[in-house]
Amino acid sequence: MSEPFVLLTPSYSDCEGRGAVAKPVIRFLNDPANRALIRGVIGTGNLNFGEHFALAGKIVAAKCNVPLLYTFELAGTDEDVARVKQGLDTFWTRQRSTAP
Ligand SMILES: Cc1cc2nc3c(=O)[nH]c(=O)nc-3n(C[C@H](O)[C@H](O)[C@H](O)COP(=O)(O)O)c2cc1C
């Protein structure tokens, strides 16, 4: 990545919550240049997974020390889409106003 970004990631874990973060996401974030530019995470998943819902988003947010900005199920509802668009607008406006 060449500029700050918000990562949107699904979760794919086993029944125990292992392996939730997809390998391409791990590879991507193992690159220090990419990791330095992550500013937030949005997690998707399926509520059928209970406590492991959107687990990858939670794990990445904790590991990279950035906020989990939002979670939604599957492809999201129209309301989720509107909230993510609006939320990201607000988020980036705030980021720009506080950036050094
Ligand atoms: C093997 C497998 C494991 C999954 N594990 C989780 C999980 O741990 N937590 C979760 O919230 N959703 C889980 N999901 C649901 C996916 O994150 C969800 O379907 C997401 O929308 C995937 O996007 P896709 O259907 O475009 O691949 C899993 C789905 C599959 C197929």
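The values are calculated or read from the model by the stated rules, or taken from the named source; none is laboratory data. Since the model is a prediction, treat every value here as computed from it, not as a measurement. Surface accessibility is based on the protein's heavy atoms, side chains included, excluding ligands, DNA and RNA. Shrake-Rupley method; radii C 1.70, N 1.55, O 1.52, S 1.80 Å.
Karplus-based coupling profile of the range 24-41, in residue order and whole Hz: x, 5, 4, 4, 4, 7, 6, 7, x, 5, 5, 4, 5, 9, 6, 10, x, 9, with θ = phi - 60° in 6.51 cos²θ - 1.76 cosθ + 1.60 and x standing for Gly or Pro. Cα gyration tensor of the chain, axes a ≥ b ≥ c as square roots of the eigenvalues: rounded (a/c below 1.5), prolate (a/b > b/c) or oblate? Because a/c hits 1.5 or more and a/b fails to exceed b/c, the chain counts as oblate.
Starting from the Cα-Cα distance between residue 93 and residue 16, subtract it from 0.36 nm times their residue separation and give me the gain in nm to one decimal.
So the extension gain works out to 23.9 nm.
Over the chain, DSSP H runs of length four or greater, each weighted -39,500 (n - 2.57), average out per residue to a 222 nm ellipticity of -13000 deg cm²/dmol. Summed over the residues of the chain and divided among them, the accessible surface reaches 66 Å² per residue at a probe radius of 1.4 Å.
Accessible area per residue was computed with a 1.4 Å probe on protein heavy atoms; residue 70 scores about 40 Å².
For residue 34 and residue 83 in the same chain, what is the full-extension length gain: residue separation times 0.36 nm, less their Cα-Cα distance, in nm? Could the numbers behind the result be given before it?
On the way: separation 49, 0.36 × 49 = 17.64 nm, distance 2.56 nm.
Difference between extended and current length: 15.1 nm.
For the chain, modelled as a GNM with alpha-carbon contacts under 10 angstrom, which of 62, 20, 54 fluctuates the most? Greatest mean-square fluctuation among the candidates belongs to 62. The HN-Hα couplings worked out from phi for the range 90-95 by the Karplus form 6.51 cos²θ - 1.76 cosθ + 1.60 (θ = phi - 60°) are 4, 4, 6, 4, 5, 4 Hz, whole numbers, x standing for Gly and Pro.
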